[in-house]
Amino acid sequence: MAHVYQPLVIQFLAKAGGAATLHQLATEMAAADEAAVSFYSNKIATMPVKVLKDRDVVTKDGDLVSLNVGSMTYEQRAALTAACEARVAAFLKERGIDIWSGFIEVAPVPGNVRYDVLARDRKCKLCGRGPDDAILQVDHIIPRARGGSNDPSNLQVLCAECNQGKGARDDRDFRN
């Protein structure tokens, strides 16, 4: 069991009494994957929590996010939960399950292609920082959300800050 996923699956199965659905295993895996938790923490902080904070629905103190309401009764919590579940269900019915693809990497850049692009570019093509002073990422010049591919001709190296700032709204090639 050289890979971490194998003992984790066995651990999850043991905790579940010996059997679990793939969905249950995936849920446990997601909770145990610190990289995924960090990714979602950053996504949540920069989009839904920021918007809710700007609309004065929540407050954020460090990592703690709180609804801007006093204490709620059981009935109030149940009504709010039901209203949110209905809103999510309506959204899913209207847009389909693919709405989650904006959060997840549906077809990640293969490791060998990522390596080749990092070796080719060697530093952020926007700000010039290198691996000694920045986290480098492989960016899609034409974002995948707008039809861009994982072909190396559509990929460039950006540092994490530049890549996050660019997002899917820009299709400029910074390699020139």
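FYI, it's all coordinate maths here, none of it is from the lab. As the structure is a computational prediction, the values presented were derived from the model and not from experiment. Cβ atoms come from the backbone with ideal geometry, glycine included; neighbour counts cover every protein chain shown.
Say whether the condition of being out of contact with any Phe, Trp or Tyr (no Cβ under 7 Å at 6 or more places or on another chain), closer than 30 Å to A168 by Cα and assigned to a helix (DSSP H, G or I) is met by at least one residue in region 54-70. Among the residues of region 54-70, at least one is out of contact with any Phe, Trp or Tyr (no Cβ under 7 Å at 6 or more places or on another chain), closer than 30 Å to A168 by Cα and assigned to a helix (DSSP H, G or I), which makes the answer yes. Just to be sure before I move on: is A35 free of Cβ contacts under 8 Å to residues at least 12 places away in the same chain, within 24 Å of G165 (Cα to Cα) and assigned to a helix (DSSP H, G or I) in the structure I sent? So A35 passes the test. Cβ separations smaller than 8 Å between residues 6+ apart or across chains give no pair from region 38-55 residues that are closer than 17 Å to Q164 by Cα to residues that are of a type in the set (G, A, S) and assigned to a helix (DSSP H, G or I).
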